[in-house]
Amino acid sequence: MTGSRLSRGGRIDRSKSVRFSFDGKAYGGHQGDTLASALLANGITLFGRSFKYHRPRGVFAAGSDEPNALVTVMSGDVREPNMRATELEIYDGLVALSQNRFPSLEHDFMAANQLAGPLFSAGFYYKTFMGPAIGPFKNTAFWMFCEKFIRRAAGLGKAGTAPDPDRYERMNAFCDVLVVGSGPAGLIAAEAAATTGARVIIAEERPIAGGSLLASGELIDGRNPAVWAREKAAGLADLPNVRFLTRTSVWGYYDGNVLTAVERVSDFKPNRTKGQPRQRHWIIRAGKTILATGAFERPIVFPGNDCPGVMLADAVRRYATEYGVAAGNNVTLFTNNDSAYDAARALSLAGVNIAAIVDVRADVSGACRDIASVAGAELLLGHAVTGTHAGKALSSITVQHFNAGTGRVSGAPREIRTDCLGVSGGWSPAIHLASQAGGKPEWDEDLQAFLPPEPNQNWVTTGSAAGYMDTISVLSDAATKGSAKSRLVLPQVEAPMLDASPAPVFEIEPSVKSQKAFVDFQHDVTADDIRLAYREGFHSVEHLKRYTTLGMATDQGKTSNVPGLAIMADVRGISIPEAGTTRFRPPFTPVSLGVLAGERYGDLRPHRLTPMHDWHLANGAKTYEAGLWHRPMIYGSHGETVEQAYIREARAVRQSVGIVDVSTLGKIDIQGPDAAELLDRVYTNMFSTLPVGKARYGLMLREDGIAFDDGTTWRLGETQFLMTTTTANAGTVMQHLEYYLDCIWPDLRVHLTSVTDVWAGSAVSGPNARAVLEACVTGTKVDNMTLPFMGIVHGKIEGIPIMICRLSFSGELAYEVYCGAGFGTRVWEALLAAGKPFDIMPYGLEALGTLRIEKGHVTGAEIDGRTTAHDLHLDWMLSKKKPYIGSAMINREGLKDENRLTLVGLISMDNQSITGGSHIVTDPVPREPADSFGHVTAACYSPALGKYIALALVKHGTSMIGNRAFATDLLRDKHCAVEIVSHHMFDPEGSRMHG
Amino acid sequence: MIIKCPYCGPRDVIEFIYQGDATRKRPEPASTDQAAWNAYVYDRTNTGGSHREFWLHGGGCRQHLVVTRDMSSHAISSVALARDVAASINDGGRA
């Protein structure tokens, strides 16, 4: 094939030259060219090397169905691989590279793979690399060894590692009618819908509207159809209720008539306007969808059908009529249907020389004969192409007699010199989106193609996507599908009388085979691979697809699907509809990850900061993230380690007084006449008996009896409670309560409000905590009588209303002081000032954790979704007087098993630190695998005990107390001797907090 | 998927949180029928076709909805407030 630019024709702008490079060489083209049309015009035949065999491949199609001509586009260091040259619009400075070749496209070492052809047939990888069950290459070991070599040899373009500097946008759109495609069907359907006043979005994959009209030799209303389409599209785009999106590929069809599309906003521009995105992702929610997606021409499978120069007949036509490019000097056509004659007519009008038309049918209509004769093409009826001769370009084809009834090839081969062969094996409606939407495509005997399934959502197909193959019936169908109320006057169409029904010929299989016959070009699947799959027992289309990888390449088998099925049906001796087809999946064409991410890159989480956050930072806090919250870990002093810091902070709490920010605790305001009843049902213990002005520690279980969350709940009034939850579970607990109120107990008169962000909380703990409050709180006393353990009082600090509850997580005399979030820092600072005489110490989560580990208080590390109240020694909280969520399930055998892990304390015997996640073993030496009978949930150095300690969940925990064991952490190479003790490691009587 | 919330109107599924099978009947709180509790907590039928399920409109009105959905096609045939549904079932139970 030696393509060249025709002296006239096409919709390219010949007054505008474009310079670009391909594999490092500079070329010229015109504005409006695709990379494929420009390279063809430059006489380029070789576009890439094939996936497995590294065979030379040329351009095969002219649109999104292209299997061969994939290129990598470079912009600086950024690579965009696997772009279809047939869709890539050229621009000044475009840099494109061919793929899957080494060291160059012309000289490819891996082309030797072709000689080893039989080795690479279907199932090759499995058969070769799944090794025996024993030996050095057992199971997948051999594959692991070979994989890196194979990955280099077989494949598509290489993905880049440079960050993508482009900007992408996301759009949500709503419309009454979405029209996909703007060929004759799409334009008329959109017009019909728009005239009823519906909000219409039209999405066109290509840069301009028109579809098949752009390359048609017909006349519409006596005019060039491309011009008719352009004016129709412009008229529609001007309507206020129509949005016309070009360069927009609809790639997915989801439930609820939600469709996804990618708009190429500036891919094709050498210089982008500042701020302009490269691509825009659309999520379109359509009332009704009209799929006017057209049809794909499919090839006939014959030996040597993959060499550069063999193309789809319609692609040869489109290059001539749309781009003014002759794909060859001397074109031949090979067909089983009339559409190739329409192509011949257009080609000869465009000035392309046609040597011969090879038709498998024994006879054709007068219209076809006339076209052949006008074009000056030799008409070879009852013939088929049985071979090709080509190096980097096609030089000749072999034809023989062919009986379309029996499929037999006979007679002496004849060689015809040609540099471009256009093949037409009939047309397959582009049912991809309809298939994604669901339903089983239906086989049409007349068209020898699958038609769209019965709609299961509000969509219709029209035009050739619905099986209407001539323009007149396309237009009338589209007007009706666009709107039943439409009164459009349809244009007059002048077209030759051609019949789109093909002869049922999918493959030419001569008795002597000298060349491979490809079905799936992109994955190098041959007709023999399909027969091999059959012989090896892979009969169903689903197995066939996976065993041979037929149709699994980036083109999703747009050209190979039906021929592949036909060959399988043939060897099985069944019909194509009996063989069935697979369901198409999104995306219709590949979508870049960048556009899916849109603006969502980098750190996407919200950051939750407490009202005192700035104070923490200004005072040396090192923070870490607890869920979405940023919380102080320690308040570091110069030269101090984290351990030294938390020991200093925790010691200060036990010795005098400390203060910690507890604003992050989940807080739910619960109000209503049945508020107490709700709490009785969701907590294991009783809350209806709680007096106003008191708080109680509560435990919630899940419905299956496993512990869920704990916290204190305060009775602020007869019908009002303030529930606190753990920081991590705040949202989940809210959801839990809402579920029961909405779904199970709608009769309870209770209202829930999340007030987590409304209150700022400071916990003041330590023997001097009361003295600190006495120094700054007004309006209430805080002595033991007025504010006993678990009591609540209201007062003021610096005139700011506050609420104090005396409760303790640290085990010390402690108070939680709450105020409106906006006053958080002022109250915090007032408490610090009041605590100054006592050297009050702000402390972070590490010290908070240390204090609670010493006391054996549980948190999310122990309430881990597997433990029960019994496991955590919280069974004293399980009321026997009332049912509660989970009460019916807690006594199940498995939850009472003595072998369950239960909570214990650990004390390091050798003064080594214990690491969280260590396993508890009896082995004195680290060994793998060790029999673990428990694990460490939390560990620290205890300043109160002067030892490294931990909490752990251990089998038979309670009866193990007093025993010695080892905490082993193979990951961090720690193995330390521990004594198992009660989890109440410090002040087990609780005398300090009651003091 | 789009769910038509009775309060907020048609909204995308990302605003909702799936809350499980709405056809289960929770035993009476005081019930000690272990088999009934086990069935309630663990047994789920894998229904093809129409099925009722709870969805929480967490990104909207925070109401639980009972959504009747075809498990094969995902087509939603009805959406109601869970409180209304539960109340009507409870009334029916009493009557």
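The values are calculated or read from the model by the stated rules, or taken from the named source; none is laboratory data. From a predicted model like this one, the values you see are computed outputs, not experimental measurements. Virtual Cβ from ideal backbone geometry, glycine too; neighbours counted across all protein chains shown. Note: areas computed on protein heavy atoms with side chains; ligands, DNA, RNA excluded. Shrake-Rupley method; radii C 1.70, N 1.55, O 1.52, S 1.80 Å.
If you go through segment A:188-195 one residue at a time, do you hit one that is under 30 Å from A:Arg79 (Cβ atoms) and among the hydrophobic types (A, V, I, L, M, F, W, C)? Write out each step before concluding.
Here is the first cut: in segment A:188-195, the residues under 30 Å from A:Arg79 (Cβ atoms) are none.
Scanning segment A:188-195 turns up no residue that is under 30 Å from A:Arg79 (Cβ atoms) and among the hydrophobic types (A, V, I, L, M, F, W, C).
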Hey, any hits in segment A:792-806 for a residue that's touching a residue at least 40 places away in the same chain (Cβ under 8 Å) and of a type in the set (Gly, Ala, Ser)?
no
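Pick out the one residue from A:Ser37, A:Ser75, A:Ser50 that is open to solvent by less than 10 Å² (accessible area, probe 1.4 Å) and at pLDDT below 95.
Values: A:Ser37 fails: at pLDDT below 95; A:Ser75 fails: open to solvent by less than 10 Å² (accessible area, probe 1.4 Å).
After applying the criteria, what remains is A:Ser50.
Would you mind stating whether A:Tyr697 is within 14 Å of chain B (Cβ to nearest Cβ), over 35 Å from the mean Cα position of the chain (by Cα) and under 28 Å from A:Ser765 (Cα atoms)? Quick ask: steps written out before the conclusion?
On the way: within 14 Å of chain B (Cβ to nearest Cβ): no; over 35 Å from the mean Cα position of the chain (by Cα): yes; under 28 Å from A:Ser765 (Cα atoms): yes.
Considered against the rule, which asks whether it is within 14 Å of chain B (Cβ to nearest Cβ), over 35 Å from the mean Cα position of the chain (by Cα) and under 28 Å from A:Ser765 (Cα atoms), A:Tyr697 comes out as no.
With the requirement that a residue be within 10 Å of chain A (Cβ to nearest Cβ) and among the aliphatic types (A, V, I, L, M), what does segment B:74-89 give you? Outline the logic, then answer.
Within segment B:74-89, the first condition is being within 10 Å of chain A (Cβ to nearest Cβ), and the residues that meet it are B:74-76, B:81-89.
If the condition is that a residue be within 10 Å of chain A (Cβ to nearest Cβ) and among the aliphatic types (A, V, I, L, M), then B:Ala75, B:Ile76, B:Leu81, B:Ala82, B:Val85, B:Ala86, B:Ala87, B:Ile89 are the ones that fit.
Considering only residues that are within 12 Å of chain A (Cβ to nearest Cβ) and either within 13 Å of A:Cys743 (Cβ to Cβ) or open to solvent by less than 40 Å² (accessible area, probe 1.4 Å) (or both), which ones fall in segment B:40-50? So that I can check it myself, show each step before the final result.
Restricting attention to segment B:40-50, the residues satisfying the condition of being within 12 Å of chain A (Cβ to nearest Cβ) are B:40-42.
Hits for segment B:40-50 are B:Tyr40, B:Val41.
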Given (1) free of Cβ contacts under 8 Å to residues at least 40 places away in the same chain; (2) in contact with a helix residue (DSSP H, G or I) (Cβ under 6 Å, 6 or more places away or on another chain), number of the condition A:Ser765 does not satisfy
(1)
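Can you give me the ranges of the strands (runs of 3 or more DSSP E) entirely in segment A:195-258 with at least 1 residues that are open to solvent by 30 Å² or more (accessible area, probe 1.4 Å) and hydrophobic (A, V, I, L, M, F, W, C)? Talk me through it step by step, then tell me what you get.
Values: elements: A:200-203, A:242-245, A:248-254.
Result: A:242-245.
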Can you tell me which condition A:Ser879 does not meet? The list is (1) touching a strand residue (DSSP E or B) at 6+ places or on another chain (Cβ under 9 Å); (2) buried (at least 22 other Cβ atoms within 10 Å of the Cβ); (3) within 14 Å of chain B (Cβ to nearest Cβ), and all the others hold.
(2)
Pull up segment A:53-72, narrow it to residues that are charged (D, E, K, R) and closer than 22 Å to A:Ala343 by Cα, then point me to the one that is surrounded by the fewest Cβ atoms within 10 Å (Cβ to Cβ).
A:Asp65
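Say whether the condition of being within 24 Å of A:Asp555 (Cβ to Cβ), within 14 Å of chain B (Cβ to nearest Cβ) and out of contact with any strand residue (DSSP E or B) (no Cβ under 6 Å at 6 or more places or on another chain) is met by at least one residue in segment A:238-257. Working first, answer last.
Keep residues of segment A:238-257 that are within 24 Å of A:Asp555 (Cβ to Cβ), which gives A:245-254.
From what's left, within 14 Å of chain B (Cβ to nearest Cβ): A:252-254.
Filter again for out of contact with any strand residue (DSSP E or B) (no Cβ under 6 Å at 6 or more places or on another chain), leaving A:254.
So far as segment A:238-257 goes, yes, one or more of its residues are within 24 Å of A:Asp555 (Cβ to Cβ), within 14 Å of chain B (Cβ to nearest Cβ) and out of contact with any strand residue (DSSP E or B) (no Cβ under 6 Å at 6 or more places or on another chain).
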Can you list the strands (runs of 3 or more DSSP E) lying wholly within segment A:390-436 that have 3 or more residues being open to solvent by 30 Å² or more (accessible area, probe 1.4 Å)?
A:394-403, A:408-417
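Are any residues in segment A:824-842 within 14 Å of A:Pro767 (Cβ to Cβ) and among the acidic types (Asp, Glu), and if so, which ones?
Of the residues in segment A:824-842, the ones within 14 Å of A:Pro767 (Cβ to Cβ) are A:835, A:837-841.
Scanning segment A:824-842 gives a single hit, A:Asp839.
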Screening A:Ser514, A:Ser540, A:Ser560 for residues that are buried (at least 24 other Cβ atoms within 10 Å of the Cβ) and at pLDDT below 95 leaves only A:Ser560
Apart from one, (1) of a type outside the set (Val, Ile, Thr); (2) in contact (Cβ under 8 Å) with a residue 24 or more places away in the chain; (3) buried (at least 18 other Cβ atoms within 10 Å of the Cβ) all hold for A:His30; the odd one out is (2)
Filter result for B:Tyr18 (more than 10 Å from chain A (Cβ to nearest Cβ) and either open to solvent by 30 Å² or more (accessible area, probe 1.4 Å) or on the phi > 0 side of the Ramachandran plot (or both)):
yes
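Restricting to segment A:924-934, what's the tally of residues that are open to solvent by less than 40 Å² (accessible area, probe 1.4 Å) and out of contact with any helix residue (DSSP H, G or I) (no Cβ under 8 Å at 6 or more places or on another chain)?
Filtering segment A:924-934 down to residues open to solvent by less than 40 Å² (accessible area, probe 1.4 Å) leaves A:930, A:933-934.
Narrowing the set further to residues that are out of contact with any helix residue (DSSP H, G or I) (no Cβ under 8 Å at 6 or more places or on another chain) leaves A:930, A:933.
The qualifying residues number 2.
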The lone exception for A:Asp747 - which of (1) modelled with pLDDT under 95; (2) open to solvent by less than 10 Å² (accessible area, probe 1.4 Å); (3) not polar (S, T, N, Q) it fails
(2)
What are the residues in segment A:647-687 that are closer than 16 Å to A:Phe809 by Cα, under 43 Å from the mean Cα position of the chain (by Cα) and open to solvent by less than 20 Å² (accessible area, probe 1.4 Å), if any?
A:Val660, A:Asp661, A:Val662, A:Ser663, A:Thr664, A:Gly666
Matching residues, segment A:516-544, being within 24 Å of A:Val310 (Cβ to Cβ), among the aromatic types (Phe, Trp, Tyr) and assigned to a loop (DSSP other than H, G, I, E, B)
A:Phe521
Do the conditions hold for A:Leu291, that is, is it within 18 Å of A:Gln448 (Cβ to Cβ), in contact (Cβ under 8 Å) with a residue 24 or more places away in the chain and not β-branched (Val, Ile, Thr)?
no
Let me spell it out: the conditions are (1) among the hydroxyl-bearing types (Ser, Thr, Tyr); (2) over 15 Å from A:Ile290 (Cα atoms); (3) part of a loop (DSSP other than H, G, I, E, B), and A:Ser473 meets all of them except one. Which number is the exception?
(3)
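Go through segment A:726-754 and give me each residue that's in contact with a strand residue (DSSP E or B) (Cβ under 8 Å, 6 or more places away or on another chain), within 14 Å of another protein chain (Cβ to nearest Cβ) and either over 21 Å from A:Glu677 (Cβ atoms) or among the acidic types (Asp, Glu) (or both). It would help to see each step written out before you state the result.
Keep residues of segment A:726-754 that are in contact with a strand residue (DSSP E or B) (Cβ under 8 Å, 6 or more places away or on another chain), which gives A:726-739, A:741-743, A:750-754.
From what's left, within 14 Å of another protein chain (Cβ to nearest Cβ): A:730-739, A:741-743, A:750-754.
Hits for segment A:726-754 are A:Ala730, A:Gly731, A:Thr732, A:Glu738, A:Asp742.
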Selection from segment A:259-290 of residues surrounded by fewer than 17 Cβ atoms within 10 Å (Cβ to Cβ) and either of a type outside the set (Phe, Trp, Tyr) or outside any loop (DSSP other than H, G, I, E, B) (or both) yields A:Lys269, A:Pro270, A:Asn271, A:Arg272, A:Thr273, A:Lys274, A:Gly275, A:Gln276, A:Ile283, A:Gly287
Looking at segment B:21-34 only, could you name the residues that are touching a strand residue (DSSP E or B) at 6+ places or on another chain (Cβ under 9 Å), surrounded by fewer than 16 Cβ atoms within 10 Å (Cβ to Cβ) and either in a strand (DSSP E or B) or within 8 Å of another protein chain (Cβ to nearest Cβ) (or both)?
B:Asp21
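Scan segment A:78-111 residue by residue and report those that are of a type in the set (Val, Ile, Thr) and open to solvent by less than 20 Å² (accessible area, probe 1.4 Å). Before you say what the answer is, go through the steps one by one.
First, the residues of segment A:78-111 that are of a type in the set (Val, Ile, Thr): A:78, A:86, A:90, A:95.
Answer for segment A:78-111, where residues must be of a type in the set (Val, Ile, Thr) and open to solvent by less than 20 Å² (accessible area, probe 1.4 Å): A:Thr86, A:Ile90.
Yes/no matrix, rows are residues, columns are (1) in a helix (DSSP H, G or I); (2) on the phi > 0 side of the Ramachandran plot; (3) facing chain A (nearest Cβ under 10 Å); (4) out of contact with any His (no Cβ under 8 Å at 6 or more places or on another chain):
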{"site": "B:Ile14", "(1), (2), (3), (4)": "yes, no, no, yes"}
{"site": "B:Ala36", "(1), (2), (3), (4)": "yes, no, yes, yes"}
{"site": "B:Arg52", "(1), (2), (3), (4)": "no, no, no, yes"}
{"site": "B:Trp55", "(1), (2), (3), (4)": "no, no, no, no"}
{"site": "B:Ser72", "(1), (2), (3), (4)": "no, no, yes, yes"}
